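What follows is a set of notes on a single structure, which appears directly below.
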Amino acid sequence: MGCKQSKDYQDGQSKLKPVPLITNSLPADVKETIVFRGVFPNQAVLCRDEFQSKYTNELMYRWRPAEILKVEGDNRNRLLVHYSGWADTFDHWVDLEEGSHKLAPEKLLSKDQCNRGGELTEEQIIITRDYFMHGKEYA
């Protein structure tokens, strides 16, 4: 469970720019028809944790192994996420429609990207969108 070495993202560098999970350029009626059929309770994912360093008070990020506890919403877009091995007090809701870039398939990211908490690349966002919308696996 967790991060793996990715051939598309190594040494903290990528040539791709981040883009929203769902772009605002879509017409409103199209956005309403998006249903996240690829998300399920007990599904293992990575979740981007945002926290302040206890040493520097600097805002930091890290991708952590997590699991989806609940799936709600007409479009299956609201997910209750639990960080693996953490207390339930850290559980929180993630809305996939807002393009928060807080979730990724379990083994999509490199170990370095997980540790640095880096944003998803454009390619990773496309893979993540397809994974959560259609349940499509990635190579």
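Values for this structure:
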| read-out | value |
| --- | --- |
| Lone qualifier among 51, 90 - being over 21 Å from residue 120 (Cβ atoms), over 15 Å from the mean Cα position of the chain (by Cα), surrounded by fewer than 16 Cβ atoms within 10 Å (Cβ to Cβ) and not hydroxyl-bearing (Ser, Thr, Tyr) | 90 |
| Scope the stretch 110-126; condition outside any helix (DSSP H, G or I) and open to solvent by 70 Å² or more (accessible area, probe 1.4 Å); matching residues | 119 |
| Number of the condition not met by residue 107 [criteria: (1) in contact (Cβ under 8 Å) with a residue 40 or more places away in the chain; (2) not in a loop (DSSP other than H, G, I, E, B)] | (2) |
| Tabulated pairs, the stretch 40-57, first under 17 Å from residue 85 (Cβ atoms), second modelled with pLDDT under 95 and of a type in the set (Asp, Glu), C-beta under 6 angstrom, 6+ apart or interchain | 44/106; 45/106 |
| Scope the stretch 67-81; condition open to solvent by less than 40 Å² (accessible area, probe 1.4 Å) and more than 13 Å from residue 40 (Cα to Cα); matching residues | none |
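The values are calculated or read from the model by the stated rules, or taken from the named source; none is laboratory data. In this text, all values refer to a predicted model and were calculated from it rather than measured experimentally. Counting neighbours? That spans all protein chains shown, and the Cβs are built from the backbone with ideal geometry, glycine included. SASA here: full protein model, heavy atoms, side chains in, ligands and nucleic acids out. Shrake-Rupley method; radii C 1.70, N 1.55, O 1.52, S 1.80 Å.
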